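What follows is a single structure, written as structure tokens, with notes after it.
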There are 2 protein chains.
Amino acid sequence: MAKSTGRFFGGIEGGGTKFICAVGSSPDDLRAEARFATAGPERTIQETIAFFQEQIGQIGPLAGMGLACFGPIDLNPESPTYGFITSTPKPGWANVDILGGISRGLGMPVAFDTDVNGAALGEWRWGAGQGVNSLIYLTVGTGIGGGALVEGRPVHGLVHPEMGHMLIPHDRDVDPFPGVCPFHADCLEGLATGLAMEKRWGKRAEELPLEHPAWELEAEYLAAGLVNLIMAYSPERIILGGGVMQQVQLFPLIREKVVSKLAGYVDSPAIRKEIDQYIVPAGLGKLAGVLGAIALADTR
Amino acid sequence: MAKSTGRFFGGIEGGGTKFICAVGSSPDDLRAEARFATAGPERTIQETIAFFQEQIGQIGPLAGMGLACFGPIDLNPESPTYGFITSTPKPGWANVDILGGISRGLGMPVAFDTDVNGAALGEWRWGAGQGVNSLIYLTVGTGIGGGALVEGRPVHGLVHPEMGHMLIPHDRDVDPFPGVCPFHADCLEGLATGLAMEKRWGKRAEELPLEHPAWELEAEYLAAGLVNLIMAYSPERIILGGGVMQQVQLFPLIREKVVSKLAGYVDSPAIRKEIDQYIVPAGLGKLAGVLGAIALADTR
């Protein structure tokens, strides 16, 4: 256990497959952590509350609490369903008031955002996003999701960004695979998620050898997605996380293809000369989400 | 001349083909306006300064000045080339210190942003963007450009958004036209700009009859671009302006295709039920840019 700053926050990364809860104030100062598989909402909310109640019993009241949650979620504080998970296909979890359940259970307000906005915030504060004002965090795993910070603040809007579902060029002569997205078939997520790799090649991504053409194609799609995010936001940095991005051979391929697709149009030294520092791996690893939740708690 | 509020701003829309200068405080209160063709930078800057000096001579000092400028431009106040037009192919205009030239000539600070961010700001304050916190303004004309407001502020970043150059699906069996973008061939701008329509069909857009298949295809590409902007930003409203969007038959086609491409994934009444109020024509017409420049002057 690292030294205490005397001011602790609670952070919850609410994921579709697991929940991570932690108490602390920074990556160097995490007092406690718990992980459990995401069960039904009632049990999961109960486990979350129990963990923090125990912590509070030991160290006293927390200075704040944040929840970075899988979605889609309702982020509009004026909406009657603020804090709900809305239309998820995950059984039992549609229209669940997760924020209200946790907040009422703990008797304290809880800051709330998407898992990817949380990770973006965590990376910005303590990880690979330090020193810039705007960034994109994109996670490539079972799904593809993205969060954006503009002037250091997570971007919301009508709902929240769903960057995995951008439409990108798909040359069926090169790649006849139809895509796996149940909504859009061959959107970015449909073509480039870990699941798409597995279905296209008949093997899990981590089992494909380095020289397999899968990586070139994967980099092609991810680079198209990043070009679109660069054109949409002009972010100062792009951070890539998630299971598929553990295959670090992807980074040089993606960078090269982004530069090639931009074709000199975005005239910045960050792209011309420093692309290695522009498109970077996540720095906080599996703790990005829960640290992001702590950062959320600490910025409200 | 409308009644005076006693507090006037100067606004400049610096366009690649023409400059529009105005003095006033709102669309209902424009005291003076001038338009002139964009010549070389020296002469154009001189004409701009002369107009405002004359105005200042008549009404006294202005409360502020804003310039919404064609690009790419350098928006980073810490950069040695802040306020420059950077890598434009427009002859004579690359590496021109337009902001410095105007600001020094008038002896006053000038707020500075892209023409499309300016238009987004003008529409937000007085036009079709009133009442929301985040919006996209996309202009479809000779080129395609976009500006974004998040929480009422224009989005910058590494450089500034270049939404026209997003990469979108292009089915060459349906449309073998290769695209006109000199950088990316068949990016959104390459496929859907007015110039692309003219080259593809051999006629200027405004000469193509309503029943011509050009409109369906144009709506297809613009809808793909808007889907990507919705996925990237989740804006609360999308405003479409520019010469091509004067063809109002495009609006219902675009709306229908956006809803169809989203395929129910973004679960919001704005898209399910109120798409007519979600994707809307610009409200300020040809004054959006110069009013945006006045809004820029009035928010610093």
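The values are calculated or read from the model by the stated rules, or taken from the named source; none is laboratory data. Remember, it's a predicted structure, so these values are computed and weren't measured experimentally. Positions of Cβ are backbone-derived with ideal geometry, glycine not excepted, and every protein chain shown enters the neighbour counts. Remember, those area values only see protein heavy atoms, side chains included, never the ligands or the DNA or RNA. Shrake-Rupley method; radii C 1.70, N 1.55, O 1.52, S 1.80 Å.
Whole-Hz Karplus values for the range B:217-223 come out as 5, 4, 5, 4, 5, 5, 5 Hz, taken residue by residue from phi with 6.51 cos²θ - 1.76 cosθ + 1.60 and θ = phi - 60°; glycine and proline positions read x.
Given bins 10 angstrom wide, list per bin the percent of all Cα-Cα distances in the range B:128-282, short to long. Computed distribution, short to long bins: 11, 43, 35, 11, 0. Overall dimensions of the range A:1-138, expressed as equivalent-ellipsoid semi-axes from the Cα gyration tensor (√(5λ), whole Å, largest first), are 23, 20, 13. Against chain A, whose longest principal axis comes from its Cα atoms, helix A:288-297 is set at around 50 degrees. Mean sequence separation of contacting Cα pairs (under 8 Å, at least six apart), scaled by the length of the range A:113-164, corresponds to a relative contact order of 35 percent. Chain A contacts chain B over a buried accessible area of about 3600 Å², both sides summed; the probe is 1.4 Å and only protein chains count. Per-residue ellipticity at 222 nm computed for chain A from its helices equals -10500 deg cm²/dmol, with DSSP H segments shorter than 4 residues left out and the rest contributing -39,500 (n - 2.57). May I ask for the percentage of alpha-carbon pairs in chain A that lie more than 29 Å from each other? In whole percent, the share of Cα-Cα pairs in chain A beyond 29 Å is 35. Summed over the residues of the range B:189-237 and divided among them, the accessible surface reaches 35 Å² per residue at a probe radius of 1.4 Å.
Amide H to amide H distances under 5 Å link B:Thr114 with B:Cys69, where only residues 5 or more positions off or on other chains count and H is placed in the peptide plane.
When a/c reaches 1.5 or more, the comparison of a/b and b/c decides; with that in mind, is the protein assembly as shown rounded, prolate or oblate per its Cα gyration tensor? Prolate, because a/c is 1.5 or more and a/b exceeds b/c. Measuring only protein heavy atoms, the 1.4 Å probe finds A:Lys273 accessible over about 150 Å². Rounded to the nearest 10 degrees, the inclination of helix B:250-262 to the longest alpha-carbon principal axis of chain B is 60 degrees. Count Lys and Arg as plus one, Asp and Glu as minus one, and take only other residues whose Cβ is under 11 Å from that of B:Gly143; the net charge is then -3. Modelled this way, with points 7 Å down the Cα-to-C-beta line, the labels at B:Gln130 and A:Thr17 are 5.0 nm from one another. Taking label points 7 Å from Cα along the Cα-to-Cβ direction, A:Asn95 and A:Glu274 give a separation of 5.0 nm. Placing unit charges on the Cβ atoms only, positive for Lys and Arg and negative for Asp and Glu, gives the range A:241-294 a dipole magnitude near 80 debye about its Cα centre. Remark: relative contact order (the range B:128-282) = 26 percent; criterion is Cα-Cα distance under 8 angstrom and separation of 6 or more residues.
Each residue, A:Ser260 and A:Glu47, gets one label point 7 Å from its Cα in the Cβ direction; the gap between the two is 4.4 nm.
For B:Ala32, the residues 5 or more places off, or on other chains, whose built amide H falls under 5 Å of its own are B:Val23. Measuring gaps between exposed loop sites in chain B (GluC sites (Glu not before Pro); DSSP loop; at most 16 other Cβ atoms within 10 Å), the longest gap, sites not included, is B:1-77. At the residue level, B:His184 shows approximately 20 square angstrom of accessible surface with a 1.4 angstrom probe and all protein chains present.
Between the range A:113-127 and the range B:8-22, the alpha-carbon centres lie 40 Å apart. Among the trypsin sites (Lys or Arg not before Pro) in the range B:1-103, those located in a DSSP loop and surrounded by at most 16 other Cβ atoms within 10 Å of their own Cβ are B:Lys3, B:Arg7. Distance from the alpha carbon centroid of the range B:42-73 to that of the range B:169-183 works out to 41 angstrom.
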